[in-house]
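*Asks:* This is the structure, below, for whatever I ask next.
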Amino acid sequence: MASVQSFCSCNQSCIRIRRTCVRRDRIGSTRCSIKCPSGEVSNLDGEECGKRRLRMLIAGGGIGGLVLALAAKHRGYEVKVLEKDLSAVRGEGRHRGPIQLLSSALAVLKAIDENVGNQIMEAGCVTGNRTNGLADGLTGEWFTKFDLLTPASKKGLPVTLVICRMALQDILVNAVGSDILRNKSKVVDFTQEPGKVRVVLENGQHYYGDILIGADGIWSEVRSKLFGKQEAKYSGYTCYSGLTNYVPPYIDTIGYRVFLGLNQYFVASDVGHGKMQWYAFHGEPPSSTNILDNKKKRLMDLFGNWCNEVITLISETPEHMILQRDIYDRDIIDTWGIGRVTLLGDAAHPMQPNLGQGGCSAIEDCYQLILELDKVSKHGFDDRKQDEVISALRRYEKKRVSRVKILHAASRMASKMLANYQPYIDFPLSVCSQNLPIKHPGIHVVRALLHFTFPHFITWMIEGHG
Ligand SMILES: Cc1cc2nc3c(=O)[nH]c(=O)nc-3n(C[C@H](O)[C@H](O)[C@H](O)COP(=O)(O)OP(=O)(O)OC[C@H]3O[C@@H](n4cnc5c(N)ncnc54)[C@H](O)[C@@H]3O)c2cc1C
């Protein structure tokens, strides 16, 4: 017989109650009964007396929140995901279109849950086994190509793919389960109290946990409460995205291509199922094009003199399948948390989508966070470990921040460089009457530089976080 201190799992004001464990007649197993004022009894099965499960609250059920919940569930934590609106997640998914998951993120997903990893591989469209790279927007000529396959194969990692965001959400939501995921639960506040964190929802409900993870995206409420409200930074670009039922003739050889131009770029990717996804970025002040109709005409004005591959994709896309949003990020911060609260994914480090690394980084965050928490609570948790769990959160932040900083800076640099992209010499019409593009000598230097450095950078991204 031993004594245990724990919390009940009801969602009202939980009060610590000292109870006595009753040893059951099962070998190696104990059962602790805990009563709370509401009358709820929670039983901790299979844990040693004095130990209980780590209680993790997650604000936000996007990619990061769901992957973390899945990993925490497998560790036996008592986890709750508080999501403000699951249908909005799907709506947003529609707006944002498919997502590319690099080998690094896929490997993490498989490590967290082999079955989920396999479902994602099956639902996705592998692009990493084809040619991918940067091309000139006007001529379509390759600028540099990336090899996503060799570094993945060398490390025995899954090959980069693209998956519909709604399919990804479905797989993760099903694996996490409805007992863990609370929909219509908008987090509006939290307070840190001795030995626990109290999270308040918009509807007045509150939850207690040992730790709170803010995975509530770029407009994170948790981040604002931690560090004060700060304006997001406009990237300088608005983004049109389109999904079209069109299979181009190069489908078997090219996975995705980024077409470059001065102050604008166009990303085209095979997303499987006979569809192509594209993103057209254009540098302009925020909210300057609030066009509801005729986005296609606007795009033709912007990209009409580009190569055939670009023009065809725009023409093949029905007007209602074109959406527009301004792109924001935030300055990187070195510390993501205070006390028993930390941030993850876009809440911690929102970045521009140029490298397709925001979602992948959120997934990598989950892995590191779970590794650090494992050191504290692998064999159960108890109240003497409260300081250790706080240190684990700080270690997680410290271990993730340098990699994320590089990705964040590279994403910003990529769009800034395009503001000066000038591959051709600008002759007055009288000198070059046929308007033939003549290459700027500097472009050869840039190309050689990219050719040398980019494969290393891609390999570093693919190999993932440690
Ligand atoms: C055009 C574009 C293309 C992109 N392409 C890629 C790509 O190819 N690959 C890639 O890796 N990344 C890509 N990204 C980035 C990627 O979408 C994000 O980095 C990723 O979605 C971040 O995941 P997250 O879980 O941190 O946040 P989110 O996906 O934003 O999820 C946050 C969740 O929190 C919920 N929430 C918000 N506030 C609250 C609250 N107060 N209470 C409760 N819940 C709340 C939201 O409803 C949402 O479900 C792209 C981004 C854009 C804009």
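*Asks:* Which order do Lys416, Lys73 take when ranked by solvent-accessible area (1.4 Å probe, heavy atoms of all protein chains), largest first?
*Replies:* So, going from the largest accessible area down, we get Lys416, Lys73.
*Asks:* Still on this model: Assuming 0.36 nm per residue, please report the length gained on full extension of the stretch Ala123 to Ile251 beyond their Cα-Cα distance.
*Replies:* 44.3 nm
*Asks:* What distance in nm separates the simple spin-label points at Thr150 and Lys229, each placed 7 Å from Cα in the Cβ direction?
*Replies:* Result for the modelled spin labels: 5.2 nm.
*Asks:* For the stretch 62-210, what does the alpha-carbon gyration tensor say about shape, rounded, prolate or oblate, given a ≥ b ≥ c as the root eigenvalues, a/c under 1.5 as rounded, and a/b over b/c as prolate?
*Replies:* Judged from the Cα gyration tensor, the stretch 62-210 comes out prolate (a/c at least 1.5, a/b above b/c).
*Asks:* Further question: Take peptides 186-194, 256-264 and line them up by average Cβ neighbours within 10 Å, highest first, as a rough protection proxy.
*Replies:* Descending packing order for the listed peptides: 256-264, 186-194.
*Asks:* Beyond 13 Å, what percent of the Cα pairs of the stretch 248-317 remain?
*Replies:* Here the long-distance tail beyond 13 Å is 67 percent of all Cα pairs in the stretch 248-317.
*Asks:* Work out the P(r) tail for the stretch 174-247: percent of alpha carbon pairs separated by more than 17 Å, whole number.
*Replies:* Here the tail beyond 17 Å accounts for 62 percent of pairs.
*Asks:* Full-extension gain between Arg394 and Met417, please, as 0.36 nm times their residue separation minus the C-alpha to C-alpha distance.
*Replies:* Fully extending the segment from Arg394 to Met417 adds 4.9 nm.
*Asks:* Tell me, what is the FRET efficiency for Asn183 and Trp460 to the nearest 0.05, using R0 = 25 angstrom and their Cβ-Cβ distance as r?
*Replies:* The pair Asn183/Trp460 has a calculated efficiency of 0.10.
*Asks:* How far is it, in nm, from the label point at Asn263 to the one at His444 when both lie 7 Å from their Cα along the line to the Cβ?
*Replies:* Result for the modelled spin labels: 3.0 nm.
*Asks:* Given a 1.4 Å probe and the protein chains all in place, what does the accessible area of His320 round to, in Å² to the nearest 10?
*Replies:* 130 Å²
*Asks:* Turning to a different aspect of this structure: Could you tell me which GluC sites (Glu not before Pro) in the stretch 371-401 are loop residues by DSSP with no more than 12 other beta carbons within 10 angstrom of their beta carbon?
*Replies:* Qualifying residues, ordered by number: none.
*Asks:* Restricting to DSSP loop positions (anything but H, G, I, E, B) with no more than 12 other Cβ atoms inside 10 Å of their own Cβ, which trypsin sites (Lys or Arg not before Pro) remain in the stretch 315-386?
*Replies:* Lys378
*Asks:* Could you sort Ser402, Ser104 by their accessible area in this structure, using a 1.4 Å probe and putting the largest first?
*Replies:* I get Ser402, Ser104, largest accessible area first.
The values are calculated or read from the model by the stated rules, or taken from the named source; none is laboratory data. Since we're looking at a predicted model, the values are computed, not measured. Please note: Cβ atoms are built from the backbone with ideal geometry, for glycine as well, and neighbour counts cover all protein chains shown. Surface areas here come from the heavy atoms of the whole protein model, side chains and all, with no ligands, DNA or RNA. Shrake-Rupley method; radii C 1.70, N 1.55, O 1.52, S 1.80 Å.
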